[in-house]
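The values are calculated or read from the model by the stated rules, or taken from the named source; none is laboratory data. Just so it is clear, the structure is predicted and the values come from calculations on it, not from any experiment. So basically every Cβ, Gly included, is an ideal-geometry build from the backbone, and we count neighbours across all protein chains shown. Each accessible area value is taken on the protein alone, full model and side chains, heavy atoms only, with ligands, DNA and RNA left out. Shrake-Rupley method; radii C 1.70, N 1.55, O 1.52, S 1.80 Å.
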Amino acid sequence: MKNDNLFGTLRAAFPADLDAIAVETADTPQPLYYTWRDLERGTAMLANLLASLGLPPGSRIAAQVDKSVEAMMLYLAVLRAGHVYLPLNTAYQAGEIEYFVGNAEPAVVVCAKRNFGWVSRIAFNAGVKHVYTLDDDRSGTLLDRAASQPDTHEPAVAQADDLAVIIYTSGTTGRSKGAMLTHENLRSNARVLKDYWGWQPGDVLIHALPIFHVHGLFVAIHGALLNGSPMIWFGRFDPKAVVARLPDATVFMGVPTLYVRMLGESALTREQCAHMRLFVSGSAPLLIETFNAWRERTGHTILERYGMSETVMLTSNPYRPESARRGGTVGFPLPGVQLRIRDDKGRPVPTGEVGHIEVKGPNVFKGYWRMPEKTADDFTDDLWFKTGDVGKIDADGYVTIVGRSKDLVITGGYNVYPAEVEALINELPGVAESAVIGVPHPDFGEGVVAVVVPRPGAALDPDGIVATLKTKIAGYKVPKRVVVVPELPRNQMGKVQKNVLRDAHRGLFTPA
Ligand code: AMP
């Protein structure tokens, strides 16, 4: 019988020499070297452990664990065993875990030893029968139990359309939803990216992203595995340590904040990057200033791409020629991905005009786990997925993201796109960055507020910022209030948490 299990696809790309190094750890007390055979055997033992539990196919296996090579193996083993992986952000607290466990009803929960007390209580109360521990020092009951399992395992038969992963959205604009991704969603995207980004023999990936999110778990890991490329593995991002390893690598993937932090390292030079082939950024907007500073310092042009949990990757700047990578844009729809811009009523918009981004393709998820109504709401009648992002396509076909539609500010009946105002504020002297939000206003419904971070040592004058903006944009777009703060709240993927800002400033125009 044909087996469309994604694990089989990745396994088939392992190099012929299984004793070659697949992963080298960069920040464990001693470097650890995992061969391809180690990955093959370790995932077989973990898959056999899961098989020994006698779970029905498609059972959910939830993991809230620190990043480790064994945690990656657990993901691969879940695919291999024909179950559904459910990665959970390590920052989630009891209330959140209770929601995810209640919603996804996992058969197995794996957690860090230090959290076993409260996680197991939540899990057992919800009827979960198996709770294991896994730490980032190769210890825990999961590995203890797997140690006695056979080290060969025939991948479970999976159909292309079977679920592989449920990934909960980060919920910066509401309750987290479980995006259901199939083996084929992930495989098709991994194959497209392998081609589009020119993965080649000799590539080595620096993996410094978390692995509970699409960027680190899919784009990075699938990229390296599908190319049979070794990874230099960081449990945590440390700019100095990553910069030090650039001469040993060819590909790096990061969220914008990682690039900003690496630019703070004097060791980041053209020579240090001479061996590198590709720097990819995504998950949050890359400031044009970072894009330019990186090019100036390293001679490399960061390739920005755009995607989301529900769709994996959607667009990318071109790989070649490097000069065609345009800062501030996310490039072109990937091969096989269709992308269109619609107005509020679902009608096409003229080229260059802003509207809602809708997409279609083999990478687009099956729907939200146990939320048929929410799923129906988020697809059009002709089955395009409404991404919730607002953007435009220019005459050359480049896509630009303007923001999340839920972050759109409607003031006195006028739409204000935060990104437009933020871009102008960011250009002002002394400004490091900014976030524009809407908060309740008695006259206008919402009032525009700018939350602005000064550059180190700069003193900002809120009234001066307002006065300057008045000369540049329509009055209704100009912030009614400018608040200066030392930094913006960000989640672990580097996204500005506008919901946190809205909550913090919701009383600015209205009494509590
Ligand atoms: P997540 O599902 O957590 O990966 O979040 C996906 C969202 O991140 C998208 O819907 C976009 O709003 C945002 N995003 C991802 N990549 C980019 C990018 N390159 N530029 C701007 N926003 C991005």
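So in the stretch 295-314, with the set limited to residues that are farther than 30 Å from S176 by Cα and out of contact with any helix residue (DSSP H, G or I) (no Cβ under 6 Å at 6 or more places or on another chain), which one is surrounded by the most Cβ atoms within 10 Å (Cβ to Cβ)?
Step one: of the stretch 295-314, the residues farther than 30 Å from S176 by Cα are 295-302.
Now drop any that are not out of contact with any helix residue (DSSP H, G or I) (no Cβ under 6 Å at 6 or more places or on another chain), which leaves 295-300.
On the way: R295: 16, E296: 10, R297: 16, T298: 21, G299: 14, H300: 18.
Per the criteria, the residue is T298.
Within the stretch 149-171, take every residue that is more than 16 Å from the ligand (Cβ to nearest atom) and not in a loop (DSSP other than H, G, I, E, B) and give me the one that is least open to solvent (accessible area, probe 1.4 Å).
Going through the qualifying residues, I end up with A164.
What strands (runs of 3 or more DSSP E), lying completely within the stretch 225-329, carry at least 1 residues that are within 16 Å of the ligand (Cβ to nearest atom)?
The qualifying strands (runs of 3 or more DSSP E) are 251-254, 278-281, 303-308, 312-316.
Over 26 Å from Y168 (Cβ atoms) and outside the structural domain of V192 (by TED's automatic domain parsing): does that describe G361? Quick ask: steps written out before the conclusion?
Values: over 26 Å from Y168 (Cβ atoms): no; outside the structural domain of V192 (by TED's automatic domain parsing): yes.
In short, no.
Being more than 27 Å from the chain's Cα centre (by Cα), open to solvent by 20 Å² or more (accessible area, probe 1.4 Å) and at positive phi narrows it down to one of G403, G457, so name that one.
Residue meeting the stated conditions: G457.
Run down R138, R145 and say which single residue is in a loop (DSSP other than H, G, I, E, B), in contact (Cβ under 8 Å) with a residue 12 or more places away in the chain and farther than 24 Å from L6 by Cβ.
Unique residue meeting the criteria: R138.
Would you pick out the residues in the stretch 194-224 that are part of a loop (DSSP other than H, G, I, E, B) and either of a type in the set (S, T, N, Q) or within 15 Å of the ligand (Cβ to nearest atom) (or both)?
W197, Q200, L209, P210, I211, F212, H213 - these are the residues of the stretch 194-224 that are part of a loop (DSSP other than H, G, I, E, B) and either of a type in the set (S, T, N, Q) or within 15 Å of the ligand (Cβ to nearest atom) (or both).
So, in the stretch 315-345, of the ones that are in contact with a helix residue (DSSP H, G or I) (Cβ under 9 Å, 6 or more places away or on another chain) and surrounded by 20 or more Cβ atoms within 10 Å (Cβ to Cβ), which residue ends up farthest from E184 (Cα to Cα)?
Only one residue fits best here, namely R325.
Out of V451, V483, V416, which single residue is over 30 Å from P210 (Cα atoms) and modelled with pLDDT of 95 or more? Step through it out loud before you land on a result.
Numbers: V451 fails: over 30 Å from P210 (Cα atoms); V416 fails: modelled with pLDDT of 95 or more.
None of the other options fit; the residue is V483.
Okay, residues lined up against (1) under 15 Å from S405 (Cβ atoms); (2) surrounded by 21 or more Cβ atoms within 10 Å (Cβ to Cβ):
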position	(1), (2)
V354	yes, no
K360	no, no
R370	no, no
T375	no, no
D378	yes, no
K386	yes, no
V390	yes, yes
I393	no, yes
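Any residue in the stretch 413-436 that is assigned to a loop (DSSP other than H, G, I, E, B), of a type outside the set (A, V, I, L, M, F, W, C) and open to solvent by less than 40 Å² (accessible area, probe 1.4 Å)?
Yes, that holds for at least one residue.
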